[in-house]
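The values are calculated or read from the model by the stated rules, or taken from the named source; none is laboratory data. Quick caveat: nothing in here was measured; it's all calculated off a predicted structure. Positions of Cβ are generated from backbone atoms using ideal geometry, with glycine treated the same way; all protein chains shown enter the neighbour counts. Areas reflect the complete protein model, heavy atoms only, side chains present, ligands, DNA and RNA absent. Shrake-Rupley method; radii C 1.70, N 1.55, O 1.52, S 1.80 Å.
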Amino acid sequence: MFDPFIAPSGTLLGLLQRGRGDGTLHALAAPRPEALAALNHCVLSDPRHDWQVENRSLYYARLYLDLDGGTEEIARHLWDPEDHLETDDSRTGLALAVLGHLASYGRDDALVLLRRYAATGSNWAWALDELALRDDDAGLRSLAEPVLARFPATAEGAAELAAAVRDAFEPRPWRLWADDPREAVGARVRAASEQGSFDRWQRQMRPGGPRPGWSVQAVFDWAQAGLERGSVLHVPAARCLSAVAGTEDRPLIVEAADSGSEGARCAALHYLAEVQDPAVLDLIERAVAGPSPTVAEAAVAAFERMCGEAAVDRARRWAHRPDTLGASAAGVLACRGAAQDAPLVLAALREAVRGEGPDAPPLWTLVDGAGRLGIACAAPVLRHVYRETSSSHLRGRAARALAATDPSFASGFAVECLWDCEETTRELAAHHAETGDIRVAERLRRLAADPAEEAEVQSAVRSRIGPDAPAV
């Protein structure tokens, strides 16, 4: 999947793509056709860089309800001829999840679309999972025949059906179908379920990887073999070394970390970092300067896992480096440094934004560090990250850091965060938003009454509007 185009943050489309609370507020104030067009664009062209962890579906579903928007555009998207050519979950997953939330709010048109797509669409398993949470037994039973018709009555079809039953995210439909008295339904699903359980048992009986009695060299060979076939086994290999290595093996492990094969070096560096070996920091520095990008990346990752004072002291020396180890050192100081390290963390934060923009990977740790260390003068940079990043998770981290560094947060960004797409950000806002804003009191009450809202958010809301809370 290509990275989506994200509109500027000052536009309605850009706000909605980012899932910002201001997106909802601006959409409600905009002409309805314009707001619906932007909303449909977001739902039909998923704007998330990582659709597996970022939330948008409830955010968009709520806006459909507020705008009284129909589902015609979603239907056209689901039954576009491309549905049978581009079968990746990311093409239709967001639209199906939005329909699921709309169905939970009582929208029958969304329920009908989910049933129809589960029967005929390519991403039927996702639609079935949505229905498993919202549909009644009769509706799910009506889908048994069209779903099972996808699997031919052959050995290959039986294997595919067994895999579908075994890997189902929501088992409720399959359990209902297993009780169906019809031979072509109940018996077939029960057989597939038994086969899936047998397959799982067989995999458990054929474990790969280390065996009792392995030597240190055998672990190194296993790590190298994995690297050659494209499997990164540095961390599990380091755990194996913890089980098999003794004090007498240290010279061999140090030698492997310095001059062994790539797999052995990566595993040895992770192991030495884990046990806080006094030689590991120098070995990490040499590995980063070496010719192998794989070893250099593993060395940086091993350093980031260290938590001792020696690692923090070395990070203070390395934080000025212009390479990946310098960026990693700044991240270590952000996570484990003291107040004296605030200038280094702030400098790294500014440099990351200036050099790589508001979505730079190092920002996640640096933003957290700015909040942890209470760097008040980082607030302008944090506000920029909050406004501009396309990652709703990074925006939530920026909001949390602003809550610790920016006195204006409670009356500013915290208010719009009550409409944010991420539940953790809404929870933060529920704790901090200034109730002098009339919108806050109304929004808190609505979140408290919304059955789709997360329990943590509602607990935070109750702490503000409950009987023992200050008046809202």
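For the chain, rounded, prolate or oblate, judged on the Cα gyration tensor with a ≥ b ≥ c (square roots of eigenvalues), a/c < 1.5 rounded, else prolate if a/b > b/c?
It is oblate, given that a/c is not under 1.5 and a/b is not larger than b/c.
Relative contact order of the chain, please, whole-number percent, based on alpha carbon pairs below 8 angstrom and at least 6 residues apart.
11
Which FRET efficiency, nearest 0.05, do PHE5 and ARG462 yield, Cβ-Cβ r, R0 51 Å?
Computed FRET efficiency for PHE5 and ARG462: 0.80.
Using +1 at the Cβ of each Lys and Arg and -1 at the Cβ of each Asp and Glu in segment 259-348, identify which of ALA267, ALA302, ALA348 lies farthest towards the dipole's positive end.
With unit charges placed on the Cβ atoms, the residue in question is ALA348.
How big is the gap, in Å, between the Cα center of segment 399-416 and the Cα center of segment 258-327?
36
What is the distance, in nm, between label points placed 7 Å from the Cα along the Cα-to-Cβ direction at ALA225 and at ASP68?
6.7
Once you have the Cα-Cα distance between ARG445 and VAL244, take 0.36 nm times their residue separation minus that, and quote the gain in nm to one decimal.
In short, 66.6 nm is gained.
Can you give the extra length, in nm with one decimal, that the chain gains between ARG76 and ALA310 once fully stretched, where that is 0.36 nm per residue apart less the Cα-Cα distance?
Result: 78.3 nm gained on full extension.
Filter the GluC sites (Glu not before Pro) in segment 353-434 down to the DSSP loop ones having no more than 14 other Cβ atoms within 10 Å, then list what survives.
Sites meeting the loop and neighbour criteria: GLU434.
When you count, for each residue, the other Cβ atoms within 10 Å and take the mean per peptide, how do 156-164, 65-73 rank with the highest first?
The packing order, highest mean first, is 156-164, 65-73.
Quantify, in whole percent, the carbon and sulfur part of the accessible surface of segment 263-394 (1.4 Å probe; protein heavy atoms only).
After summing per-atom areas, the C and S share lands at 55 percent.
First compute the accessible area of segment 57-142 with a 1.4 Å probe, then give the percent of it belonging to carbon and sulfur atoms.
48
Let's test the formula: R0 of 45 Å, r as the Cβ-Cβ distance of SER259 and GLU356. What FRET efficiency results, to the nearest 0.05?
Efficiency, from the Cβ-Cβ distance: 0.85.
Show me 18-29, 273-284 ranked by packing, highest mean number of other Cβ atoms within 10 Å first.
Result, highest mean first: 18-29, 273-284.
Calculate, for the chain, the solvent-accessible area per residue in square angstrom, rolling a 1.4 angstrom probe over the heavy atoms of the protein chains.
Heavy-atom SASA per residue in the chain reads 47 Å².
Which FRET efficiency, nearest 0.05, do ALA29 and GLU86 yield, Cβ-Cβ r, R0 30 Å?
The formula returns an efficiency of 0.30 here.
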